[in-house]
1. Considering region 24-39 alone, what residues qualify as being open to solvent by 40 Å² or more (accessible area, probe 1.4 Å) and either among the aromatic types (Phe, Trp, Tyr) or part of a strand (DSSP E or B) (or both)?
2. Considering only residues that are under 16 Å from residue 10 (Cβ atoms) and part of a loop (DSSP other than H, G, I, E, B), which ones fall in region 59-69?
3. Condition test on residue 21, is it in contact (Cβ under 8 Å) with a residue 60 or more places away in the chain and either polar (S, T, N, Q) or surrounded by 13 or more Cβ atoms within 10 Å (Cβ to Cβ) (or both)?
4. Do we find that residue 79 is in contact (Cβ under 8 Å) with a residue 24 or more places away in the chain, among the basic types (Lys, Arg) and either open to solvent by less than 90 Å² (accessible area, probe 1.4 Å) or not in a loop (DSSP other than H, G, I, E, B) (or both) in this structure?
5. Might you let me know whether region 40-58 holds any residue that is open to solvent by 80 Å² or more (accessible area, probe 1.4 Å), on the phi < 0 side of the Ramachandran plot and either at pLDDT below 95 or outside any strand (DSSP E or B) (or both)?
6. Among residues belonging to region 59-76 that are small (Gly, Ala, Ser) and under 14 Å from the mean Cα position of the chain (by Cα), point out the one that is most open to solvent (accessible area, probe 1.4 Å).
Amino acid sequence: GETITLKLVNNGAVTHEWALLSEPVEAPFGDDDEGKILFEAEVEAGQTNTVTFTAPAAAGEYEVVCAIPGHMEAGMVGKLLVVQP
C-alpha cells in the first residue's frame, strides 16, 4: 500500500511499457491479459519518465513485464516483491 516512485529510463530505440500485473501471465502478453494490469507506464525511445503509483497492499511477488508485443518473449520481465513491514 506504499507510494512508489520509479524513474524509467529508455536508452533504446523503441518504446517500452512497464506493466505491474496482479497475477502472472504466459507469453505472449495479449489483449486478454490487459485486465491483470495494476499499473502501467510507457516510456518513449531515448526518453525518461518518472511515475508514481501505489504498490499492492498484500505481500507477495508481482510480475512486471514490458507489455509491448514481443518484448515479454524477449525476456523483458521482472518481479516486484511486496513484504509486510
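The values are calculated or read from the model by the stated rules, or taken from the named source; none is laboratory data. What you see is a predicted model, and the numbers here were worked out from it, not measured in a lab. Ideal geometry is used to build each Cβ from the backbone, glycine not excepted, and the neighbour counts take in all protein chains shown. Protein only, heavy atoms only, side chains kept; ligands, DNA and RNA dropped before computing areas. Shrake-Rupley method; radii C 1.70, N 1.55, O 1.52, S 1.80 Å.
1. Once the filter is applied, which keeps residues that are open to solvent by 40 Å² or more (accessible area, probe 1.4 Å) and either among the aromatic types (Phe, Trp, Tyr) or part of a strand (DSSP E or B) (or both), region 24-39 yields 38, 39.
2. Across region 59-69, the qualifying residues are 67, 68.
3. no
4. No, not satisfied.
5. Yes, region 40-58 has at least one match.
6. Across region 59-76, the extreme among qualifying residues is 75.
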